[in-house]
Structure formats: C-alpha cells, structure tokens
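Here is the structure we will look at, set down as structure tokens.
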Amino acid sequence: MKKIILLIFLLNCGIGISQTEFPFYEQIAFDFYQSTLIDSFPTKKKVKVYPYALDFQPDYFVFNNPSCLGIKWRSNEQFEPLKDYVESQMNIDSDRFELDFSKLDKKKFKVKKRGKGSYPRLHITAPNKEIDGTERIFVNIHETHEYLWISYHLEFNENGEIINWCRNYAEVIRTY
C-alpha cells in the first residue's frame, strides 16, 4: 500500500518518467529531397549521401536563417536545435542515428560511408525551432558543389509534416 501511495504522489507532482517522441526529421527531409527536389533541380553527377548522423550533420554546416520563406528573422540566434532530439540522436542505438536508404535511387545518389568524397554532397542540419516563436520546426538541406552551395529550407509542423519549403543558393566566383 505504501508503494502505491508513493507512486501516486510522484506521478501527481510531475516526477515521472516520460519521453517525447519526435519524428525523424532528417529522414523526412531526405525523402522529400529524393522524391521531389532532385527531380525539380537535377544535378549533373550523382549526389553523395551519408548514412550516419555524425556525417550528414557535420559541425561546419550550421543552421541558416530560412529568410526565403517570406518571414524576416533578425539572425540565426533566434533559432535553437531541439535539444532532447539531438541528444537522443547521438546515441548509436537511437532510431534516428542512421538514414534509411532502402528506397534510394542509385542512378541519382551514391552512398558514402564517411563524410568525405567528391562533389556534389548532401548534408542535413539538425531540426531547429524559433526560441520565442511558434511550434514550427525547420531543417536545412545543403547540397554542395565545388563552386555552388544550394540550401533547401524545409518547414515542419509539430506532427512532422512539411508545410513549406524554399531554395536559395550562393556561388563562388574566382577572378585571377
């Protein structure tokens, strides 16, 4: 009887074990890229993709402000990664540690085991949300070519459905 009363007390005070289940945002973003974006904006060569979170989310690809979505944010500091999501993803036993390439079109993509390889390469940022904003979640897909960087900004609702997206790019021009 003591255990039951203690359990009820703990659960009523909010001291319980709970887990928020997130969709696998990077997988949803990659599937959208594979099914829609690559056909709309084809590449000349196969795009190199990486299966593991440590490779498709390298530190040097930071989250970029999705200003092409029609909303003007002041800076990237208005966004923060989903902390619980990112922490759980770094566990090798996580179901969000590795992308599923079972439906991969081998004519358009080449799977690389490490974060190196020739161009074009595909990187996906961790999901971010506005600090003092709505429940919208944003993911960037970076397609890097030798002198061209293309970014796709995907906006998700709280259920993991893509509600909006846009594309922008930057090109490096060398003069001698």
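Some notes on this structure:
- Which listed pairs, of LYS83/LYS107; LYS83/LYS108; LYS45/LYS129; LYS107/LYS129; LYS44/LYS106; LYS44/LYS110, have C-alpha distances above 24 Å, in listed order: LYS83/LYS107; LYS83/LYS108; LYS45/LYS129; LYS107/LYS129
- Per residue accessible area in Å² of segment 100-176, where ligands, DNA and RNA are left out and the probe is 1.4 Å: 61
- Loop-located trypsin sites (Lys or Arg not before Pro) in segment 63-150, at most 13 other Cβ atoms within 10 Å (DSSP): LYS72, ARG74, LYS103, LYS106, LYS107, LYS113, ARG114, LYS116
- Inter-label distance for ASN164 and MET90, nm, one decimal - labels placed 7 Å from Cα along Cα-to-Cβ: 3.2
The values are calculated or read from the model by the stated rules, or taken from the named source; none is laboratory data. Here the structure is a predicted model, which means the values were calculated and not measured. For neighbour counting, all protein chains shown are included, and Cβ atoms are generated from backbone atoms with ideal geometry for every residue, glycine included. All accessible areas refer to the heavy atoms of the entire protein, side chains included, with ligands and DNA or RNA removed. Shrake-Rupley method; radii C 1.70, N 1.55, O 1.52, S 1.80 Å.
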